[in-house]
Structure formats: C-alpha cells, structure tokens
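What follows draws every value from the coordinates through simple rules; no lab data is involved. Predicted model, so just to flag it, every value in this text is computed and none were measured. Heads up, the Cβs are rebuilt from the backbone with ideal geometry, glycines too, and the neighbour counts pull from every protein chain shown.
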Amino acid sequence: MITSGLIGALLWGVVIGCIYILLATGLNIIFGVMKLVNFAHGQLLMIGAYIAFTVTTALGLNAYIAVLVAMGTVALIGVGLERFTFRRVLGADKLNEIFVSLGLIYVFENAAVLLWGNTTYQISSPLQGLQLSLGQDVAISYDMLSAILIVIVILVALFLLLKKTKIGLAMRATSQKSNASMLMGVNIEKVYIFTFALGAALAGAAGALYGILLPFNPAIGALPTIKAFAIIIIGGLGSIPGAVIGGLLYGIAENTAVYFLGATWQDAIAFALLIIVLVIRPTGILGEKGE
Amino acid sequence: MSRTFKNSLGSIKREVVNFSRSQKFYFLIAAIAFAAILPIFLTTYVVSEVLTPMIIFAIYASSWNLLASSGQGSLGHAAFLGIGSFVSALLAIKSGVPPIIGLFLGSLLSAAIGFLIGLTCVRLKAWFLAMVTFGFSVIIVTIFTELDDFTSAVLGFPTPLIVGRGLPFYYMTFAIAVISIFTMYLVMKSKIGLAFKAIHQNELEAKMVGINTAKYRLIAFVISTFFAGLAGGLFAYSIGYIDHSVFDPYYSFLPLMMAVIGGLGTIEGPIIGSAIIVTIDKYLPRIDLILGSLIGREGLIPLFPAVSSVGPPLRMLGLGVFLIVVVIFAPKGVAPLIKKAYNYLSSSEEKPK
Amino acid sequence: MQKKLIIVIAIAIVAVAGIVAGWQLTQLPSAEARPIKIGLVAGYQLAEGQDMDRAAKLAVKEINDAGGVYVDEWHTSVEIELVPIDTENDSPDNSRGPVTQAVEEEQVDLLIGGYTSSGTLTNQKVAIDNRVPYIITGASSSLVTRRGPQANYGGLPEGDPLRVDDAEGMSYMFHYCTTTADYSTTVVKFFNDTMKPLLDSTYGFDDSRNLRLAILYRNDAFGKGVAADSKSIIETNNLPIDIVAERNYPTDAISFQTDLTAIKQAKPDAVYVVDFIANTAEIIKEGQRDVGLNTVYIAVECCEDPQFYTLLGEYGASQLLESKFAPYAGPPYYVDAIGTYVTNYQQANDKLPGMMGADTYDAFYIAKNAIERAGTVDKAAVRDAIESCSLDQMLVLTETGKIQFSVGTDYHEIAPVTFIEQLVWNADAQECRSVIVYPATAPGVGNLKQADFVLPEGYVPGSP
C-alpha cells in the first residue's frame, strides 16, 4: 500500500541515508588505509554541525558555504587528533585504540557543552521552507535536495581523488599492504595524516548538512557513529560502493521500520540487523579488503 | 579432565601459599583492615554515598576487567548491570524472595544472558565485539522499557535495603566484594586466566598452540557477566530505586574507564580505578562551588557563559582526558605507578650506608 | 621495614579520619539564630533547571533584601541561604546522592524543587526518612504526595513497591505543581468546549461528529502519563473526541518526520504533543514545514519557556500551549504579580522567565510564610504551617484564589488553574507572543480570556 506518507518516509530515508554515507565513507577510508577504529567519528559530525552553525550566526555566511568551512575546520581537527592521540596508539593493542576513542567521545561532547551549552540549535538555510512538489501530496524540500546533491558531488570528487591523484594512489597502496608501499617510497606518515583529515572532512560535511536539516545538540554524535560502523560492516570494510549502498539501505530501512513500528524500536532493530550480519559473517557481507 | 582440574587446584594452592608469605600479602591484609575500620570514623553520608559505590563499582569494574583480559572489550556491560539490578529487585519486591537470594538469582540470569550474547561474540574481532556488545545493550534496554508492564522500567520502583543503611550495608557489600574479587583473582591466576592472556595477546597463536579460544572466551563472558549482575543487584539496593537509567551508556563506559585507568589486566587496577573515579565523581563538582567562594560567586561560569553549571561537563571532559592520557602515557594504568612510588619510598629507606 | 611503613600510613589515615569526624560533630546545628538553609533540587544542566535556579536566586534576594525571615523563637530576622543541589540528569543514581549530602551533611532546613518523577520519587525518600519538609515544584506524577497511607494511597495496592508506609514521613511532602491529570483535563475540556463547536460551525460538521485527536508523546513516565490521563478523562466523561492516532518515540529522538507522516495519514483535527521544549518545537516545525501536516498543535505547559518561542520562530503562529504561568501573555498581565516578576527577572538575568521557575519562586515565599507562622525552624512545626498555608495566590493561579494544600485524597496538592494560550506572531519581537483563549474566567482573577481562539491560517481539518 504505497501511500504518500510512505513515500515521504522513503524520501526522508534517502536523505538521511546520504548523510550516513558521508560519515561511513570517512570512517571507511580511515579504516581502510590506517586500520584504525575511531568510535569518536560521530563527534566530528557534531563538531561540524556546531562550526557551521557558528559561522552562519556569527559571520552571517550562507549555510551551504558553511558546509565548506566546516569541512576545512574539522579536517584540521582531524590532523590534530591523528598527530597527538591516534598516532601514539596505532598498531599496538587494538583495545587501546578503542579506549582512546571513547575518551575522545567524552572530551568532544563535553567541550561542546561547555562552549555552546546544552541548547538545541538548527542552522537556518536560505532555502528554508521551500518545497518541490512531486505530485500526489508528496513534496521534497529544497534543503533535502541540496543535501543529496552535495553528497553526490563529494562522492564523485572523492572517487576522482582516489583514482586519479598521486595521494589517492598512495592511499590505495597503503590500504593494500602498508609494508610494501613503504618499500615503494610512500611516505606513510603523510598518507596517514591526509587520510585522517579527509575522513574528518567528510564527517564535518555530514555534520553541517545534518545541522541544516535537523536540530542538533552535543549528544548527537554517538548514534550516527554506531550506524556508520554498521553500514561499513554490512557494505564491507574498505569498500566505498558498499558504503553507498549500505548507507542508502540503512536510511530507508530505518525510516520504514519507524513508519510501521514506531520509533521506539528504531535503534534496537538497527543493532539487531548488525548483530545478525556479524554472526553470520564475522567479516561483514562483502568481506574485508586488505586484511 | 579431572586431572587437569586437580593440577589447576594444586597450582592455585601453591600460588596462594607463596603469596601468603610475600610482602604483598601483608599489604593486602592491611588494605582490607583499613577498608573495614575506616568507615566507622566517617559520616553515614560518606559511607553510603561514596565508599559503598566504590566497592560496588570495584566489583563491576573487576568483572569487566576479567572479560577484557581475554581481549574482549565490551562496550555494553551496562546491560548486565541492569539485568542484575532488575532481576534482583523484581524478585525481591514482587515475589517476596529474600533479597540476598534475589541477588544471586539476578547474577545467574545475567550470566545466562551473558552466555547467549557471548556465543554471538566468540568469533568477533575486538572492534566488532565492541559494537555488538553496545548493540545488545541498546536492544536490552528497549526490551525492558517495552515490557514496562512487567518490569516497571519506565517510572522505576523503590528497592529494599536488605540491611540497615550506612555501615551494615557497607559491610555486607564489602564482604561480597572480597569474595567476588578473590574469586576473579583465582580465575585470572589459574590456567583459565593464562588462556585469557594468551588469547588477548594473539588469538591466532593461541589457537595454534591448541587453546580452544571460543570456549575460553565464552567462559570469560559467563564469569564476567555473573559478577556484573551481582554488582547490579547491589547497585539497585544501594540507591533504593531502580529505573531504566541503569542501562545508560555511561554505565557501560564506567567500568572500562575504571579498569583502564587503574590498570587493565591486574587485580588491583579496577579497585584503584573505582576509588579514583568515584572520588572524582562525588567531589569534583563541588570544586566549582569551592572555586566560586574563592574567586567570586560566579566561579568558572564567566569562562563558559553558555552553561549554568560548569562542574559536571568539566568533570566528564576531565575523565575523558584522564583516560586518553593514561592510555597513551601509562598504558598499564595508575596501579603500577603507585607500586613504583611505593617501592621508591620504601627502598630509599633501605638504602645501605 | 615495609611493614612499618604500612602501619605508619594506616595510622596516619585513621588519625585524619578521626579529626574529620570530630570536626563534623562540631557542625551540628546550634540553638542560636543562624541563616535558614533551603536546598534547591534541580538539574542545573537543563534549561528548566537553570530557570529554577534564577527564580530561586531572585526570590531569596528579594526576601533577604526585605529583611529576611522573622523567626520568633530567636527574636530576630535571619537570611535565607540557598543551597544548590545539582541532580544533573536527575536519574535515580544522580539525584539521590546530592540530596542526601544536603540533608545529612549540610543539614538543610527545607527542600524545594524536584524535576523528573523518577528522580523525585527517589530523592524524596531521603527527605521522608529525615523528616525534612519538601515543597516539590516539579514531578508530574501525583505519587510524590500520594504514595503514603494518607489519601488511600491514591490507588496504590498492597504490595506495590512504590508504596511508602511512613505516614509521618509522607506528611512532610508537598506538591506545588500541576499533575498530568490537571493539564490533560484542561486540554481535553478545551477541545470539547471551544474547538469542536468552532470546527462544527466553520466546516458545517454535524454535531455527532467527534473531534479527531492525535497524541504524539515521548516514551517515558511523563509522556505515557499524560497520554493515559487524556484518554481516561475522555472516556470517563464520555466526551465527543476520538483518538485517531497515538504514536510515541524514544526520549533521545531528535527528528519526527516519520511519526508526523503517519499521523498525517490519520487526518486529525488537532495534535497533542507531549514532550519538553526542544522536541515539541521541532515537532511543530517539522509538521508544518516538512510534512505538510497543517493542523493545530497543542503543547504542554513545560514548554512555557523563552527557548520554546525562540526555537519555534514563525512556525508557532496560531499554535496552542497549555500553561499555568504566562509571561508572554502581556503586558498587561492577567495578574499584577506576574508583571512584577517578569520585570525583576528580566532585570536580573537579561531574559524572560519560564514556567518551572514560577513554581519555585512561589515556593520560597510559601516557605518564608510557613516559618514565620510557625515561629521556629523546627521541621515538624514548619510542616504543620505549610499544611495550613492560606497565602493569596502569586504566580500560579488556584481554583480558590489562595494557596492551600489539600488534606483529602489529593493529599498535599494544590488546585491549580491551567489555561490554554494561543501564540500570535509579534513583528516587533520577531517571535511569537501569546494570548489566553480558554477558560473565560478564573477565581480570584475574574476575566481570564484575552482573545478568541481562531483556527490557524491554512488549517486543514481532519476528515471526514
């Protein structure tokens, strides 16, 4: 029974899915190249939202330009993170990486509370309130469309970067076999810094888009992280097309479930799916690359 | 099978006898005596709101520590804290089961669920296990709140105290803690514990030397979740009220922080970590007020105009920083540092002339 | 050698403990005049808690500046000392400790505050056991005063874990707040008395057509309580209202598109939103802006706060708010005391007050009045004085025009007057302001209604 309500839920699912894709792709890149697990990745999304909000309110910038600013700033934060925390625990006990990222969750979340307070904000966009009617009582807002477009643009740019540029080649080489690529003269340290910054930039973009579409507060970083992980597990660690499909599927499935079952089961269902996948295939649906 | 068991018992006995002759033993006796006598001099508030939580979380953190020593860093331990809490409290309130028995049954059920969840986790790598365990804690809290008619998890309900508040409750908890932690110590020192360590170091190699990694990982889960449930029951009784907030992610991160900051893998680590974090928890927020009276009524507020209460977020941020600093600079935790300091102090006394 | 060191350290710590204990003993209250310590139980992180804090500070400052509280026993006036009790997120674990500290160590004379139901039900135990008067200004559950032997347990059966068998202790609890039944009653009656007739006349509906109501609520004790109360009031009174959709979401939900879309499918005449400020504002915005659910939304009184109006922006126009304190419905205000409070609050804090603070503010004056009538800070006498309180109403209106605590089945509750406001866009403020549209009159105030209720622009009724 395809109702306009269901279509509306599906469209919204696609938009949310796109934001998840950005977040998951950033995570994917970092994991693929550095074999690093960062549970605080969603916090970068949250910071991205706040930075975009700050530049729009304090400097009066257009919300969509703020997306670029957020990307740049969060990328810089990513460089700092890599250099001062993750680099020191890389490679050793995997548990240490988990502990550090947990600590970072608390640091980021509470820093945001101290700097901006617990109030919920939303970024006001110039396209606010404008909708495109698709007929049959279904409409999509221009903000939603812009978000989808921006995600597509970013993904295409990312694809080109990985396939056509030197640094992209270095990243791919490192993700396959970091020892071999070191022998080939690849500067591993530089690759790591760039990779982490790139992943962070994607998270920042996801955050800025999130902030335009939804209200946000310091606590929003936690769940998207888990969902991003779920997506890359389902889609396959290190596989970018997998993340895209996974992200879309995830956003749609989540919202459809909410539509029919109510929001209470939303998170539980998401995790149940994840657990089932992992139990059946401990290395994810499409398997791991470069493991 | 029984011969290896006898051998294990024998080796444990030898360990215990050796230990009892060591310096560490006297230290332990002193520590226990200290913890037993100190509360008499302190106010009821400190005993029931500071010391008792320290002991309860020491059990909880130790249970997480045991699991982590097998390489399984669970991010969803609050599920078991909560199951233990609710089952103990519900049994005591609704079926008139004596609270102590309820405590035990709660721990058993927690271990049973731990077994099931452990089954799904045995083949998972560290970060997958972390996500899955977190996922389970979300699923479990959703189940509890949806079954509100049975569990009363949404509004919550008061729990019985078992014994008097303050000193009696403290001593009961203390006794249970000594037994629990000692049991976990025995496990970690036994061959089972060695298997845990081997799996943690390198699971592939452990498999190659013939260790049934799945079996030992499962054992770790069952023992760990049993004691987590036990801590949960005590937690519920000590606060006097239980609701779904016991499943909050904060309670999943707490034992992790305590064990890691104190000293992952050691027996004294979680205890020290619990003492440190509970102290920070209870006393740091007051620093804002104390600073307020020193610097001026506003304290730190002018620095952070967006918030009206600076203490709690500052404290949480501090904990996060503390954890990161420990992991990066002192990955073995604070306990070894204390040992070093103690050795330094006592050896300098013994410096021969 | 090491053994000696251990023993020395142990003795040192025991000695310190002994000194600390001894010092504590000297802190016991004396029989001489001293400041009155009143603890404010609130979650200072939350906007509501901050509002309570500011209101409390304003009340305490006013009282102290005017000479303080006269205590006959000491033949002098003394100041009030405000003791902040921060319960953070108000979970049972976080709310019990601070209150215990305030009661047992700080030795507060009286407690004011309380925010969530589960947090208050937990921390009130400390006050009950220690016989400390507690004026509860939050907590929507009536159990906070109705779980004792008085009031026939308000419906708690034998063996219910929430029962408290301590009649003496429960007598120290007072509920200066509205309960979920209070506000649901007003909302439902509004729909019956005002909205349905307006719909019928505007759209030519037959009188036999029931009003179509959708309820969207947060999945916790508060949300479920309001939803349940609304339904039972409709049923008990046989009101012509149908619940055409009932949806809930987890308390940490941040977007409501899907729920709103589902509600839109059910074609309601109105949507009753039960949540706090941020989520309610988001729901009302998303409903109109993203989902096209152009109906009338009604929010609960805890949204009566400056942040709500700011977040809503122009999406608040013509929407409804059930309230018991309306700082935005004027000037001129329906009661002078409100104008004074708003002015003073704004001067002190550079922002407008919210609802939680209003209860808190009044409570401090209730406490002052009780201590003065009792002539002592002895807690039992103060308790008796609060019970016999007969102050004129202040910021919160009551059915009798006076602040009076019942000793019947609604034990130690007041009979508050709640009303319905409609928001109107104010171009000067670039935000909405409000006008009272229901009920027409209130005791002690006379004419309460400020404007007629109108249907929002672009309003689409439910069908058929």
request  = State the percent of C-alpha pairs, over all pairs in the stretch B:147-297, separated by a distance greater than 29 angstrom.
outcome  = 35
request  = Could you work out the mean projected area of the convex hull around the alpha carbons of the stretch C:129-262, in square nanometres to one decimal?
outcome  = 10.9
key: Along principal axes, Cα extents of the stretch C:191-307, largest first, whole Å   = 41, 31, 28
Computed magnitude of the charge dipole of the protein assembly as shown (debye, nearest 20; Cβ of K, R +1, Cβ of D, E -1) = 6520
remark   = Square roots of five times the C-alpha gyration tensor eigenvalues of the stretch B:65-139, ordered largest first and given in whole Å, equal 27, 11, 9
task = Two decimals is fine: what is log10 I(q)/I(0) at q = 0.27 Å⁻¹ for the stretch B:158-197, from a Debye sum with one equal scatterer on every Cα and no solvent?
result = -0.84
note = Exposure proxy check on A:LEU169, C:LEU239, C:LEU213: fewest-to-most Cβ neighbours within 10 Å is A:LEU169, C:LEU239, C:LEU213
request  = Could you work out the Kirkwood radius for the stretch C:223-371, taking every pair of different alpha carbons, averaging 1/r and inverting it, reported in Å?
outcome  = 17.2
task = Grab every C-alpha pair in chain C, bin the distances at 10 angstrom width from 0 up to the longest one, and report whole percents.
result = 4, 20, 29, 24, 13, 6, 3, 1, 0, 0
request  = Treating each Cα of the stretch C:105-199 as an identical point scatterer and ignoring solvent, apply the Debye formula and state log10 I(q)/I(0) at q = 0.13, 0.19, 0.20, 0.24 Å⁻¹.
outcome  = -0.50, -0.86, -0.92, -1.21
Percent antiparallel among DSSP beta bridges (both partners in the stretch C:70-215, rounded to 5) = 25
message = Can you give me the long-range amide H partners of C:GLU421? Hydrogens built in the peptide plane at 1.01 Å from N, cutoff under 5 Å, separation of 5 or more residues or another chain.
response = C:LEU321, C:GLU322, C:SER323, C:VAL437
task = Return P(r) of the stretch B:155-239 (all Cα-Cα pairs; 10 Å bins starting at 0; whole %; ordered from short to long distances).
result = 15, 35, 23, 17, 9, 1
key: GNM top mover of B:ILE324, B:ILE272, B:ILE83 - chain B, alpha-carbon springs below 10 Å   = B:ILE324
request  = Would you calculate, for chain C, the mean residue ellipticity at 222 nm contributed by helices, counting each DSSP H stretch of 4 or more residues as -39,500 (n - 2.57) and dividing by all residues, to the nearest 500?
outcome  = -12000 deg cm²/dmol
message = What is the sum of charges, Lys and Arg at +1 and Asp and Glu at -1, for the other residues whose Cβ falls under 11 Å from the Cβ of C:TRP74?
response = -2
message = With the cut-off at 1.5 for a/c, could you classify the stretch B:104-227 from its C-alpha gyration tensor as rounded, prolate or oblate?
response = oblate
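Mind checking which helices in chain C clear 24 Å along their axis (Cα) and have mean Kyte-Doolittle hydropathy of 0.5 or more, DSSP H runs only?
The qualifying helices are C:2-25.
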Share of pairwise Cα separations in the stretch A:1-136, more than 23 Å, in percent = 47
task = List the residues whose amide H sits under 5 Å from the amide H of C:ILE215, counting only those 5 or more places along or on another chain, with H placed 1.01 Å from N in the peptide plane.
result = C:ALA245, C:GLU246, C:ARG247, C:TYR272
task = Over the whole of A:268-275, what's the average partner chain Cβ count within 10 Å per residue? Rounded to a whole number, please.
result = 6
remark   = The correct pair for the stretch C:334-390, radius of gyration to one decimal and Dmax as a whole number, both in Å and from Cα atoms, is 14.2, 39
Distance histogram for the stretch C:350-419 (every C-alpha pair counted, 5 angstrom bins, percent rounded to whole numbers) = 3, 17, 23, 25, 17, 9, 4, 2, 0
ask   = Can you give the net charge of the other residues whose Cβ lies under 12 Å from the Cβ of A:GLN266, counting K and R as +1 and D and E as -1?
value = -3
inquiry  = I need the phi-derived Karplus couplings for the stretch B:141-151: 6.51 cos²θ - 1.76 cosθ + 1.60, θ = phi - 60°, integer Hz, Gly and Pro marked x.
reply    = 5, 5, 4, 4, 6, 6, 8, 3, 4, 8, 9
Chain A: translational diffusion in µm²/s, Stokes-Einstein, Kirkwood Rh over Cα pairs, 20 °C, 1.002 mPa s = 110
request  = Using DSSP to define loop residues, name the GluC sites (Glu not before Pro) in the stretch C:89-183 whose beta-carbon has at most 13 other beta-carbon atoms within 10 Å.
outcome  = C:GLU158
query = What list of ³J(HN,Hα) values in whole Hz, one per residue of the stretch A:115-126 in order, does the Karplus curve 6.51 cos²θ - 1.76 cosθ + 1.60 (θ = phi - 60°) give from phi, with Gly and Pro shown as x?
reply = 7, 10, x, 8, 5, 8, 10, 8, 7, 8, 9, x
note = Here the percent of antiparallel bridges among DSSP beta bridges lying wholly in the protein assembly as shown, to the nearest 5, is 40
query = Residues with beta-carbon under 15 Å from that of B:LEU66, excluding B:LEU66: net charge, scoring Lys, Arg +1 and Asp, Glu -1?
reply = +3
ask   = Using θ = phi - 60° and the Karplus form 6.51 cos²θ - 1.76 cosθ + 1.60, what ³J(HN,Hα) does each residue of the stretch A:145-155 get, whole Hz, x for Gly and Pro?
value = 4, 4, 4, 4, 4, 4, 4, 4, 4, 4, 5
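What average number of partner chain Cβ atoms lie no more than 10 Å from the Cβ of the residues making up C:95-107? All intermediate terms of the calculation are to be shown ahead of the outcome.
On the way: counts 3, 6, 8, 4, 0, 6, 7, 1, 1, 7, 5, 1, 0.
The per-residue average across the peptide is 4.
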task = Let me know the Rg and Dmax you get for the stretch A:203-248 when you use only its Cα atoms, in Å.
result = 11.7, 31
query = Sequence-distant or interchain residues sharing an amide H contact under 5 Å with C:VAL296, placed H: which?
reply = C:VAL271
request  = Can you tell me the alpha carbon radius of gyration of the stretch B:2-247 divided by the globular rule-of-thumb value 2.2 N^0.38 Å?
outcome  = 1.06
ask   = Roughly how compact is the protein assembly as shown, stated as its Cα Rg over 2.2 N^0.38 Å to two decimals?
value = 0.96
